[in-house]
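*Asks:* Just dropping this structure here.
The values are calculated or read from the model by the stated rules, or taken from the named source; none is laboratory data. Just so it is clear, the model here is predicted, and its values are computed rather than measured. Here the Cβ positions follow ideal geometry from the backbone for every residue, glycine too, while neighbour counts run over all protein chains shown.
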Amino acid sequence: MTDEEFDTLFRQSYPKLYRLAFSMLNDQEDSRDVVSGVFADLLDKPHLPAPTGEGYLMTMVHNRALNLLKHRRVENEARADMLHAVLSATSPCLADDDRLVEVLTFIETQLTPQTRRVLMLCFDEKKTYQQAASELGVSVQAINKHISQALRKLRERFNPLYKRNK
Amino acid sequence: MKMKQPEDNMELEVMRAFASRKSDQEIGMPDVEQELARLKARMAPSNAGFSLRKIAAILVAVLMLTGFGYAAVRTSFFTKGWDEAPANSPKGEDCQASSTLSSTGPESSPLGELEGAFLLFQDARLDSILMQIDQHYKVESRFADEDLRQIRLLFKWQKQHSLDEVLQRLNGFERFQIRREENTLIVEQPQAEQQSR
């Protein structure tokens, strides 16, 4: 990969990769480090051809962010609920922007306001179930129920072939 | 045929969906050009560092080789062993003609043997080794089986060890057995072989 190819790849991919990292980590510095780390790895291997498609880089960012989450033990204990969801994902999320817009639209139009609020607290603001429960004045079980229902509806709509093993 | 279950990462997808609606400012999107420059600056010193590390590794290797060479020279040329075997020993000529090389530890000197001195017998005949041991410990070796004289050993003799300690180490070879009867060392076949005869 030439310097020019690398620079072009960096400029084109960085914003999307940073957003992916931030969606998982919710931290600016961590997100910068993760994305920079991925590109540093590419620089360390100049003999490799430039990655084709964003999927490869997205996967690398996803895996690196996952490793960072796994190693942050103190934080992990506080955010166990959300991290469990992230860490149990079987593959990186490679949904394109159009699909993300659809998901967002579904959340905003098809879910109840309370469920939407729970999703935002836990998936966007990365609050624990306990924190969300305190903020909304409900029980942790209620939070759990809202999330389960929301994910079930989302899967029915966007991933109908998936059947969670019991 | 069982269909492979599609993978699910709906939680991650929801997270990304929420993040996608935020502005660059809200998520603290860095300046891409600055990040590129920062990355290159970070990578550049590591290349030089690698060279420095490489140089350091080469220096260390050279020093180690020099050390090994020094040790080899010291142990090979400044030795006391067969050269100092007593001339009046009945087997002196045999010993000198043998293919044995011996060396002493660096602590030994012509004036006496300091603690830590040793003799290294490389491919030495057992009778030659025992001749040295006999002289040092004032004992006499006798071979119950003459064939055992020709057994060749690699043996490091620590002179500060007691005779019993030395015999214990020699008996570890299991090709012969040395039994001590006061000031006499009897060299015979290993016990198992004796019983089978």
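*Asks:* Taking region A:97-114 as the region of interest, how many residues are over 27 Å from A:G55 (Cβ atoms) and under 19 Å from the mean Cα position of the chain (by Cα)?
*Replies:* Result for region A:97-114: 1.
*Asks:* Does region A:31-52 include one or more residues that are closer than 23 Å to B:N9 by Cβ, out of contact with any helix residue (DSSP H, G or I) (no Cβ under 8 Å at 6 or more places or on another chain) and modelled with pLDDT under 85?
*Replies:* Checked against the condition, which is being closer than 23 Å to B:N9 by Cβ, out of contact with any helix residue (DSSP H, G or I) (no Cβ under 8 Å at 6 or more places or on another chain) and modelled with pLDDT under 85, region A:31-52 yields at least one hit.
*Asks:* Counting only residues that are more than 13 Å from A:M58 (Cα to Cα), surrounded by 15 or more Cβ atoms within 10 Å (Cβ to Cβ) and more than 7 Å from chain B (Cβ to nearest Cβ), how many does region A:1-30 have? Walk me through it before giving the result.
*Replies:* At the first step, the residues of region A:1-30 found to be more than 13 Å from A:M58 (Cα to Cα) are A:1-8, A:11, A:25-30.
Imposing the further condition that a residue be surrounded by 15 or more Cβ atoms within 10 Å (Cβ to Cβ) reduces the set to A:1, A:6, A:25-28, A:30.
Pick out the ones that are also more than 7 Å from chain B (Cβ to nearest Cβ) and you get A:1, A:6, A:25-27, A:30.
Within region A:1-30, residues that are more than 13 Å from A:M58 (Cα to Cα), surrounded by 15 or more Cβ atoms within 10 Å (Cβ to Cβ) and more than 7 Å from chain B (Cβ to nearest Cβ) number 6.
*Asks:* Can you find a residue in region B:7-30 that is exposed (fewer than 10 other Cβ atoms within 10 Å of the Cβ), at pLDDT below 90 and within 14 Å of chain A (Cβ to nearest Cβ)? Give the derivation first.
*Replies:* So in region B:7-30, the residues exposed (fewer than 10 other Cβ atoms within 10 Å of the Cβ) come out as B:23, B:25.
Okay, now just the ones that are also at pLDDT below 90, so none.
No, that holds for no residue.
*Asks:* Using beta carbons and a limit of 9 Å, which pairs, at least six apart or on different chains, have the first residue in region B:151-176 and farther than 13 Å from B:I133 by Cβ and the second one among the charged types (D, E, K, R) and assigned to a helix (DSSP H, G or I)?
*Replies:* Close Cβ pairs (under 9 Å, with a partner that is among the charged types (D, E, K, R) and assigned to a helix (DSSP H, G or I)) amount to B:I151/B:D127.
*Asks:* List the residue pairs whose Cβ atoms are under 8 Å apart, where the first residue sits in region A:131-154 and is over 14 Å from A:M120 (Cβ atoms) and in contact (Cβ under 8 Å) with a residue 12 or more places away in the chain, the second is of a type in the set (S, T, N, Q) and assigned to a helix (DSSP H, G or I), and the two are 6 or more positions apart or on different chains.
*Replies:* Partner pairs satisfying both residue conditions: A:Q149/A:T115; A:K153/A:Q110.
*Asks:* Report, by residue number, each residue of region A:92-117 that is within 19 Å of B:D8 (Cβ to Cβ) and free of Cβ contacts under 8 Å to residues at least 24 places away in the same chain.
*Replies:* Once the filter is applied, which keeps residues that are within 19 Å of B:D8 (Cβ to Cβ) and free of Cβ contacts under 8 Å to residues at least 24 places away in the same chain, region A:92-117 yields A:A95, A:D96, A:L100, A:L104.
*Asks:* I'd like to check which helices (runs of 4 or more DSSP H) are fully inside region A:82-145 and have at least 3 residues that are at pLDDT 85 or above and away from chain B (no Cβ under 13 Å).
*Replies:* Here the list reads A:129-136.
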